[in-house]
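Reading through the structure tokens given below for one structure.
The values are calculated or read from the model by the stated rules, or taken from the named source; none is laboratory data. The model shown is predicted, which means the values in this text are computed figures rather than measured ones. Note: areas computed on protein heavy atoms with side chains; ligands, DNA, RNA excluded. Shrake-Rupley method; radii C 1.70, N 1.55, O 1.52, S 1.80 Å.
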Amino acid sequence: MASSSNGGPGGGQPPSTAPQLMVLAQYVKDLSFENPNAPGALTQNQQPQINVAVNVAANPGSENDIEIVLRIEGKAEVAGTVLFNVELEFAGMFRIVNVPQEQMHPLMMIECPRLLFPFAREIIANAVRNGGFPPLLLDPIDFVALYQQRMAQAQAPPAAP
């Protein structure tokens, strides 16, 4: 007898117990671009000093769903004059199933932002370009190193007063 299923649920096979990470949605939560010294800042001939900060946060949703927020802040300055500020909170709603509890935190703080980063990078590049500057092309981020750094900071004893 032939099966009428295409391999999806109800195909007579037991439900999968393999770990799964699914992206349910990706979206801009907040985007800000400031060009406080335009149009003068657009004619700068010096190479600006650009500082970029990256943070990752997790917000629980339903039982298996979690929102991961990738926050990227960038600031360009020349001789103390701000050329631009850009701030982006780019988020994704992820469904994570069949993952052991001890692996959940690294998965949420490393793999999820790694999936979000290319989209956030493009949004920032476009925002800076639309502000009149060359696009800010962020280098890839080592989310493993960022995670390890944050975990080490969390475990460090507080400094003595």
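Of note:
- Within region 61-111, being charged (D, E, K, R) and assigned to a strand (DSSP E or B) holds for Asp65, Glu67, Arg71, Glu73, Lys75, Glu77, Glu87, Glu89, Arg95.
- Which numbered condition Gly10 fails, given (1) modelled with pLDDT of 95 or more; (2) at positive phi: (1)
Here is a yes/no grid of residues against (1) at pLDDT below 95; (2) open to solvent by less than 60 Å² (accessible area, probe 1.4 Å):
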residue	(1), (2)
Val52	no, no
Thr81	yes, yes
Leu115	no, no
Phe119	no, no
Glu122	no, no
Arg150	yes, no
Gln153	yes, no
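- Subset of region 91-112 that is closer than 17 Å to Ser62 by Cα and among the polar types (S, T, N, Q) - its residue that is most open to solvent (accessible area, probe 1.4 Å): Gln101
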